[in-house]
Amino acid sequence: MEMMEAMRARHSVRSYVDRPLAADVVDVLEAEIAACNREGDLHIQLVKDEPEAFSGFMARYGRFSGVKNYIALAGKKGPELEEKCGYYGERLVLLAQSLGLNSCWVAMSYDKSKAACKLDAGEKLCIVIALGYGATQGVPHKSKSVEQVMAAKGEVPDWFRAGVEAALLAPTAINQQKFRFALEDGAVAAKAGTGFYSRIDLGIVKYHFELGAGRENFHWK
């Protein structure tokens, strides 16, 4: 499955069947996590067969069930951490979708104290991604229009519109889609709105934009 196809097919899933991750799938995920950690200077970890983080009240309140695998997005504390976790986390989400897995970004509906990840000095756990074989494939979310989240002077290039359309397929906190893309002289500025986890959302939508627009067509401002 190509990444654009995975982007269109992927929807948030909160209920999972009791099935271990396939060994070959784990190998591919672990290799990509290692690449993301190198590129982003992060400490992302794949946690397998660990139900405790999603066994309490918060998980039930968030309607999660059967979650035994998740990706823990962690790294050195700093102003860029949340955006980087969003960017590289979504890279892993789309890869997982292409491998036949389902997923869901989880900010609060789990017990952070029971998350089985290791943190080095000066690091923090930013957010997790539930992972596994879904009981369903999820459903599409409601979306804003392209015009509501973009600004461009003059004629809008096809690549820019395609990038914004891809960004609108991205998951965001409470489906807020509080972001905006602006084009000026071939450079693209991506701005986060206000609200919870908006910096994580910005990283997620920037990764989608790059896939849709083609990284060769622009540079970030």
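The values are calculated or read from the model by the stated rules, or taken from the named source; none is laboratory data. What you see is a predicted model; the values in this text were computed from it and never measured. Methodologically, a virtual Cβ is constructed for each residue, glycine included, from the backbone with ideal geometry; neighbour enumeration extends over all protein chains shown. To get the accessible areas, we keep the full protein, side chains included, count just its heavy atoms, and leave off ligands, DNA and RNA. Shrake-Rupley method; radii C 1.70, N 1.55, O 1.52, S 1.80 Å.
Our summary gives the chain a relative contact order of 25 percent, counting only alpha carbon pairs under 8 angstrom and 6 or more residues apart. The long axis of helix 198-213 is offset from the longest Cα principal axis of the chain by roughly 60 degrees. Here r is the Cβ-Cβ distance between Asp24 and Ala182 and R0 is 35 Å; the resulting FRET efficiency, rounded to 0.05, is 0.25. Given R0 = 35 Å, the distance between the Cβ atoms of Arg8 and Glu39 translates into a calculated FRET efficiency of 0.90. Among DSSP beta bridges lying fully in the chain, give the percent that are antiparallel, nearest 5. The antiparallel proportion sits near 75 percent. Among the cysteines of the chain, Cys36, Cys104, Cys117 have no other cysteine beta carbon within less than 4.7 Å of their own. Distance from the alpha carbon centroid of segment 64-128 to that of segment 129-205 works out to 19 angstrom.
Ranked by the mean number of other Cβ atoms within 10 Å of their residues, highest first, the peptides 138-146, 4-12 come out as 4-12, 138-146.
Checking the cross-link pairs Lys76/Lys142; Lys153/Lys178; Lys68/Lys178; Lys68/Lys191; Lys142/Lys191 against a 28 Å limit on the alpha carbon distance flags Lys76/Lys142; Lys68/Lys178; Lys68/Lys191 as lying beyond it.
Ranked from highest to lowest mean number of other Cβ atoms within 10 Å per residue, what is the order of the peptides 150-159, 94-103?
Ranking the peptides 150-159, 94-103 by packing returns 94-103, 150-159.
Apply the a/c threshold of 1.5 to the C-alpha gyration tensor of segment 1-148 and tell me whether it is rounded, prolate or oblate. Rounded, because the longest to shortest axis ratio a/c is under 1.5. Packing here is the average count of other Cβ atoms within 10 Å per residue, and on that basis the peptides 64-77, 190-203, highest first, run 64-77, 190-203.
With the charge dipole of the chain set up from +1 on Lys and Arg Cβ and -1 on Asp and Glu Cβ about the Cα centre, the Cα lying farthest toward the positive end among the listed residues Ala22, Ile127, Gly195 is that of Gly195. Protein heavy-atom accessible surface, 1.4 Å probe, per residue over the chain: 50 Å².
If you roll a 1.4 angstrom probe over the protein chains with everything in place, what fraction of the accessible area of segment 88-143 belongs to carbon and sulfur, to the nearest %?
Details: 1310 of 2410 Å².
Here it works out to 54 percent.
Computed from the C-beta positions of Glu52 and Leu119 and an R0 of 22 Å, the FRET efficiency is 0.85 to the nearest 0.05.
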